[in-house]
Amino acid sequence: MNGKAFPDIPTINVKKGERVRVRLIGAGQFEHPMHLHGMSFKIVATDGNPVPEVAQLTKDTLPVHPGERFDIEFTADNPGQWAFHCHILHHVTNDNVEPGGLLFLVNVEG
């Protein structure tokens, strides 16, 4: 993520009730099914184009293919520390050591 791997990816720290927007970019050659624990998100833009509100899908996992871009938003309504990670197991390791890779934490302060 941004050229880094867990644990060098900064935690997103938010207060309960805040809205968070994350941009996912498939910059490599592999698909990454990105999954958020503890909350669902809406897809609000795809490939730089806004998605009309009536067409915004609510998900907790989104496959990001090479070359795709998604903006997602969620409301931090569930206090705790939540993982946001790729669902392909070897993508969340650093040289086969877990946890690592495409993983970061969302810390929702209650």
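The table that follows gives values for the structure above.
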| read-out | value |
| --- | --- |
| Percent of Cα-Cα distances greater than 21 Å, calculated over the chain | 35 |
| Residue among V22, V92, V64 with the largest mean-square fluctuation in a Gaussian network model of the chain, springs linking Cα atoms under 10 Å | V22 |
| Karplus 3J(HN,Hα) series, Hz, for segment 99-110 with 6.51 cos²θ - 1.76 cosθ + 1.60 (x for Gly, Pro) | x, x, x, 7, 8, 8, 10, 10, 9, 9, 8, x |
| Highest-MSF residue in the chain out of G26, G100, G48 [GNM, Cα springs under 10 Å] | G48 |
| Non-local Lys pairs in the chain, i.e. 8 or more apart or on different chains, that have alpha carbons under 20 Å apart | 4 |
| Reciprocal of mean inverse Cα separation for segment 1-59 (Kirkwood radius, Å) | 13.8 |
| 3J(HN,Hα) from dihedral phi, segment 77-86, Karplus parametrisation 6.51/-1.76/1.60, rounded to Hz, x for glycine, proline | 10, 10, x, x, 9, 10, 7, 10, 8, 6 |
| ³J(HN,Hα), Karplus 6.51/-1.76/1.60, whole Hz, each residue of segment 50-57, x for Gly, Pro | x, 9, x, 3, 5, 9, 6, 7 |
| Long-range amide H partners of T93 with built H, under 5 Å | G100, G101, L102 |
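Taken together, the values in this text are just the output of simple stated rules run on the coordinates, not laboratory data. Only a predicted model underlies this, so the values are computations on that prediction, with no experimental measurement involved.
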